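To keep things clear, I will list the structure first and then write my remarks on it.
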Protein chains: 2
Amino acid sequence: MSEENLELRKVGLKVTAPRLKILHILEESSGHHMSAEDVYRKLMESGEDVGIATVYRVLTQFEGAGLIARHNFDNGPAVYEVDRGDHHDHMVNVDNGVVIEFHSAEIEALQEKIAAENGVDIIGHNLVLYVKDRK
Amino acid sequence: MSEENLELRKVGLKVTAPRLKILHILEESSGHHMSAEDVYRKLMESGEDVGIATVYRVLTQFEGAGLIARHNFDNGPAVYEVDRGDHHDHMVNVDNGVVIEFHSAEIEALQEKIAAENGVDIIGHNLVLYVKDRK
DNA sequence: CTAATTGCAAAAGCTTTGCAGCGCA
DNA sequence: TGCGCTGCAAAGCTTTTGCAATTAG
């Protein structure tokens, strides 16, 4: 029984061909962020017979199960990446579309401090820096 | 000549009824964030005859002119607010939808530092904290 | 006068949903 | 076998666009 097989069982999802294929695509595209359309295109390229609706449904389930993380960069479609537990934020280079991941414990600490000052608890956050190459 | 009238001229936009009305709605709803649909609904309530397409076009123009700022909170439609030049980020209370604005010079400084470390310049950023009331 | 602006309706882009059939456990 | 899962097509929601008529400067 493969690892992906186990990952799916662990989160209570039936092990089906579409789910395995989609999870596999996301794992091998590690480093990139994939939109539902990107995943669907990859499936088509592999000659797989999976509907776009299934891609959306599976991505939503994976996200709910904590297997993947969803991000919304400004406009454009939502993108996903495998959630390795290492939280990070993103820098999007608007010149070439390259996405750099980063993490700042200091920023996170400041966020907590600000939330505390307002009497609330943070349950999630979204930080994206839009950048350009320095001339 | 009204102030709004001047604001429009200053950014090179013709002074038309739809633009004045939309700018007015945004200014009097200060504090809230308005989606295109929200603005359109207000126009309808006032018996104004403005198309939703015009609302979208005008909001886009206002944003380009720096009169207003656009935000994308997770899912849902884009929302706008008058840009008073005071940059700030947002905390969205997921329990009641309340949006709190905040600003942290420390966080901004850290962002600049991180960008510098990666050899890029920040041209914009997006920071939203999703929070809950503390129990 | 003339380019900018507008309303309408249609279309586009992304995502969700209804439904009947198929397949995992 | 039974419920979950799937593909397809249709619909939904937000936003954009083509076009002819209108209007600001």
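The values are calculated or read from the model by the stated rules, or taken from the named source; none is laboratory data. In this text, all values refer to a predicted model and were calculated from it rather than measured experimentally. Neighbour counts run over all protein chains shown; Cβ positions are idealised from the backbone, glycine included.
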I'd like the full set of residues that are within 9 Å of chain A (Cβ to nearest Cβ) and over 22 Å from B:E28 (Cβ atoms), limited to the range B:96-112. B:F102, B:S104, B:E106, B:I107, B:L110, B:Q111
Per the filter on the range A:1-19, residues closer than 17 Å to A:G66 by Cβ, more than 11 Å from DNA strand C (Cβ to nearest atom) and outside any helix (DSSP H, G or I) are A:V11
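To keep it simple, each residue is scored yes or no on (1) more than 10 Å from DNA strand C (Cβ to nearest atom); (2) away from chain B (no Cβ under 14 Å); (3) among the acidic types (D, E).
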{"residue": "A:G66", "(1), (2), (3)": "yes, yes, no"}
{"residue": "A:N72", "(1), (2), (3)": "no, no, no"}
{"residue": "A:G76", "(1), (2), (3)": "no, no, no"}
{"residue": "A:E81", "(1), (2), (3)": "yes, yes, yes"}
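Residue-wise test of (1) closer than 30 Å to A:F73 by Cα; (2) of a type in the set (D, E); (3) more than 10 Å from DNA strand D (Cβ to nearest atom).
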position: B:V11; (1), (2), (3): yes, no, yes
position: B:K14; (1), (2), (3): no, no, no
position: B:A17; (1), (2), (3): no, no, no
position: B:Y40; (1), (2), (3): yes, no, no
position: B:E45; (1), (2), (3): no, yes, yes
position: B:T60; (1), (2), (3): yes, no, no
position: B:L67; (1), (2), (3): yes, no, yes
position: B:V79; (1), (2), (3): yes, no, no
position: B:M91; (1), (2), (3): yes, no, yes
Subset tally (residues that are surrounded by fewer than 19 Cβ atoms within 10 Å (Cβ to Cβ) and aliphatic (A, V, I, L, M)) for the range A:51-78: 5
Answer yes or no: is there a residue in the range B:36-49 that is under 18 Å from B:G64 (Cβ atoms), surrounded by fewer than 16 Cβ atoms within 10 Å (Cβ to Cβ) and at pLDDT 95 or above. no
